[in-house]
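The values are calculated or read from the model by the stated rules, or taken from the named source; none is laboratory data. Quick caveat: nothing in here was measured; it's all calculated off a predicted structure. Using ideal geometry, Cβ is built from the backbone for each residue, glycine included, and neighbour counts are taken over all protein chains shown.
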Amino acid sequence: MKDPVLEPIKINSLEVKNRIYMPAMHLGMAVDNEVTDQIVDFYIERASGGAGMICVGYVTVDELSGTLQNIGGHKDEFIPGLARLAKGIKDNGARAAAQLNHAGRYNHSFFLGGKQPVAPSPIASRMTRETPRELTRAEIGEVIDAFAQTALRVKKAGFDAVEVLSGTGYLISQFLSPLTNHRDDEYGGSLENRMRFGLEIMQAIQRLVGPDFPLIVRMNGNDFMPGGQGRLELQEYAKALVASGVDALCINVGWHEARVPQIVSFVPRGVFAYLARGIKEQVNVPVIASHRINDPSVARQLISDGMCDMVAMGRSLIADPYLPEKVKNGKEDEIIHCIACAQGCFDHLFELKPVECLCNPRAGHEGELDIQKTQQPKKVMVVGGGPAGMSAALAAHERGHAVTLYEKTDRLGGQLHLASAPPGREEFLELAKDLQKQVAVKGIRTVLNQTVDARVIEKESPDVVILATGAQPLTPPIPGLDRPHVVQAWDVLLNKVITGRKVVIIGAGAVGVETALFLAEKGTLSGDDLKFLLVNKAEDPGVLFELASHGTKDVLLIEMIDKLGKDIGRSTRWGMLQDLTRFGVKAEVETRALEITDTGVKVQRGDKVEEIAADTVVIAAGAKSFNPLKELIEKKKIPHEVVGDAASVATAFDAVHQGFAAGRTI
């Protein structure tokens, strides 16, 4: 039986070797709009890994359409760089497309040298807090022509196809949506008028590049904006695009302002494919499904079930560029999955840093982090089998050293098991499994259930030691910690303790918030429960919502500072805070725990002291480095390095990257 993921497909007359499409993603790697070696190396790696088609971008169409970190396309001087990028992709086996876009009101005057962003109407953006300038009718024509001229440059540069971004809340979306288009001319009002700008762009592009050059549109299936555009209106737009000559549709979801999570780990795999299906049933061109498709089994199911014709796997190919080749060669169990943490991709972009990846330390550094085989193999001992230790062991093994990995428990993964415990964070366990599989595939000697001490070190007699012994929970100096109803958050998350109905959590950083959500879901309906009751109309949908979002515990978070989840990444934090409210978790900031009593917690808010009743008190005060071997290793004068939480408590991203760096430099 043929694998539907590996079947070829045609877009216009262009044949693509498989159904894996890498969508355009902002990488933050361009310099003054110029294509850099970093960008070329990044995409060559993904082309070499077997993707059928790679779309780069987005590419700017005029001076107001993007920032200097976007790939430039609005001048002829950018063609040589675009050509080098297209050649790099095509020479390594993939089809190459370039995405064109104009940010409109999503751009910021800071990036435009003080110039005001433009939009169909002067409606302020919640993202930038700026009000754009309304485009005149003459300027609309100029922008349409700019898209067409840039598409022609893309074709001249040697790309196989061009894609236009007509979603996500950018300029074409802004014309489409009644939220942002209040015009009273032929570009505003009715759906027919609001579609006009986008359709005229597609027609102008085709006039310049010709009907045989594939034109793809990435559009929303639902913008998830109250009062905006839902499925049905966007299906009408999809039909109009195809009628105008568009050759394929890549279905995106949501605007950047939307309050429906789209990319993070608690978004179920492939959940938005229903939107691709709705559009596929209306058109006769290939339809590409997007978002949270991080495993070939999900892609295979979506294509087989007729939900889509291709799958967009973006961050999946950042995490593992060779995912398509592993599918082809029967090595799916060796794939490193994207876990949708957003720590290295989206969170970096908020900091104006290039894209990296928690799961793949080489991502964004393809041209500089090659591991060369050593001429002097050493005996390397890695202590600690968490993400830092496994990453270090894998890199040291690849370098050519003889590696032994020690772990004091009966399983590898360390705090990834803890991170995967809260609802919607199960993907972190996937990373633990993936790294463990890599350790096994590489044949790295692993010793479990072994605490490392002086005797073990003497027996092993290593040339180099990497200490990745992790962290331990931090216990604050609060009277009453020894009372029987006081437990650690880590023990709660690992289901080692039972909590009562009224729970007070001391500490509202990442672990405190995760523990609160973990407890708040106790007693709620599962997804399977909800589907059964909904399909059988057992209860009113409103009742089912309550049963799915209100559990059996009364959870209160208390935090000394004035902010919840201060150490949670920006891409993830807003959704987690939204869920705290949705699941009924109460929170008190600027509240200090003074004492744990027999019946609760005595707290201080300003000058006021009161006691909060609690059946269980959970300590979520953070963590401290655990590094019991450093002094011993130093005394024995063994070359060593400390990585991950053992060096300094940080994120899983830091642990993986530090471990990799330590291993590859031995």
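So here's what we get for this one:
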| quantity | calculated |
| --- | --- |
| Candidates VAL40, VAL61, filtered to the one that is under 19 Å from LEU165 (Cβ atoms), modelled with pLDDT of 95 or more and touching a helix residue (DSSP H, G or I) at 6+ places or on another chain (Cβ under 7 Å) | VAL61 |
| Near pairs, Cβ below 8 angstrom, 6+ apart or cross-chain, from region 38-55 (within 13 Å of VAL355 (Cβ to Cβ)) to any residue that is part of a strand (DSSP E or B) | ILE39/VAL56; ILE39/ILE71; TYR43/ILE54; TYR43/VAL56; ARG46/MET22; ARG46/ILE54 |
| Test: VAL16 is assigned by TED's automatic domain parsing to the domain that holds ASN284, more than 21 Å from the chain's Cα centre (by Cα) and within 15 Å of ILE288 (Cα to Cα) | yes |
| Entirely in region 560-666, the helices (runs of 4 or more DSSP H) that have 2 or more residues that are modelled with pLDDT of 95 or more and within 22 Å of ALA432 (Cα to Cα) | 652-664 |
| Filter result (part of a helix (DSSP H, G or I) and crowded, with 17+ Cβ neighbours inside 10 Å) within region 506-529 | ALA510, VAL511, GLY512, VAL513, GLU514, THR515, ALA516, LEU517, PHE518, LEU519, ALA520 |
| Residue list for region 281-300, filter: touching a strand residue (DSSP E or B) at 6+ places or on another chain (Cβ under 6 Å) and surrounded by fewer than 23 Cβ atoms within 10 Å (Cβ to Cβ) | VAL285, PRO286 |
| Hits in region 617-666 (condition: acidic (Asp, Glu), buried (at least 20 other Cβ atoms within 10 Å of the Cβ) and farther than 27 Å from CYS357 by Cα) | none |
| Residue that is farthest from the chain's Cα centre (by Cα), among those in region 468-493 that are within 21 Å of GLN415 (Cα to Cα) and in a strand (DSSP E or B) | VAL487 |
| Matching option when the condition is touching an Asp or Glu at 6+ places or on another chain (Cβ under 8 Å) and either surrounded by fewer than 16 Cβ atoms within 10 Å (Cβ to Cβ) or aliphatic (A, V, I, L, M) (or both), among LEU199, LEU241, LEU232, LEU191 | LEU191 |
| Condition check for LEU394: in the same structural domain as ALA647 (by TED's automatic domain parsing), crowded, with 24+ Cβ neighbours inside 10 Å, outside any loop (DSSP other than H, G, I, E, B) and over 22 Å from the mean Cα position of the chain (by Cα) | yes |
| Residue within region 580-600 that is touching a residue at least 60 places away in the same chain (Cβ under 8 Å), surrounded by fewer than 20 Cβ atoms within 10 Å (Cβ to Cβ) and of a type in the set (S, T, N, Q) present | yes |
| Residue among GLY81, GLY49, GLY73 that is in contact with a Pro (Cβ under 6 Å, 6 or more places away or on another chain) and more than 11 Å from ALA96 (Cβ to Cβ) | GLY49 |
| Residues satisfying the stated conditions in region 324-383, i.e. basic (Lys, Arg), over 18 Å from VAL439 (Cα atoms) and not in a loop (DSSP other than H, G, I, E, B) | LYS328 |
| Any hit, region 454-467, residues being among the polar types (S, T, N, Q), part of a helix (DSSP H, G or I) and touching a strand residue (DSSP E or B) at 6+ places or on another chain (Cβ under 8 Å) | no |
| So THR180, is it among the polar types (S, T, N, Q) and either over 30 Å from the mean Cα position of the chain (by Cα) or at negative phi (or both) | yes |
| Qualifying residues in region 600-657 (those that are over 37 Å from the mean Cα position of the chain (by Cα) and hydrophobic (A, V, I, L, M, F, W, C)) - the one farthest from VAL382 (Cα to Cα) | VAL609 |
| Number of the condition not met by VAL555 [criteria: (1) modelled with pLDDT under 95; (2) part of a strand (DSSP E or B)] | (1) |
| Residue list for region 267-280, filter: closer than 21 Å to SER420 by Cβ and in contact with a helix residue (DSSP H, G or I) (Cβ under 7 Å, 6 or more places away or on another chain) | ARG269, GLY270 |
| Residues located in region 15-37, provided they are part of a strand (DSSP E or B) and either out of contact with any helix residue (DSSP H, G or I) (no Cβ under 9 Å at 6 or more places or on another chain) or free of Cβ contacts under 8 Å to residues at least 40 places away in the same chain (or both) | GLU15, VAL16, TYR21, VAL31 |
| Residue that is farthest from the chain's Cα centre (by Cα), among those in region 100-140 that are of a type in the set (Lys, Arg) and either surrounded by fewer than 22 Cβ atoms within 10 Å (Cβ to Cβ) or assigned to a strand (DSSP E or B) (or both) | ARG137 |
| Region 238-276, residues that are touching a strand residue (DSSP E or B) at 6+ places or on another chain (Cβ under 8 Å) and not in a loop (DSSP other than H, G, I, E, B) | ALA238, LEU241, VAL242, ALA248, LEU249, CYS250, ILE251, ASN252, ALA273, LEU275, ALA276 |
| Tally, over region 179-199, of residues that are in a loop (DSSP other than H, G, I, E, B) and out of contact with any helix residue (DSSP H, G or I) (no Cβ under 7 Å at 6 or more places or on another chain) | 6 |
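Residues checked against (1) of a type in the set (Val, Ile, Thr); (2) within 22 Å of ARG194 (Cα to Cα); (3) in the same structural domain as ILE11 (by TED's automatic domain parsing); (4) without any contact (Cβ under 8 Å) to a residue 40 or more places away in the chain:
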site	(1), (2), (3), (4)
ALA238	no, yes, yes, no
VAL242	yes, yes, yes, no
TRP255	no, yes, yes, no
ILE263	yes, no, yes, no
PHE266	no, no, yes, no
ARG269	no, no, yes, yes
GLY278	no, yes, yes, no
GLU281	no, no, yes, yes
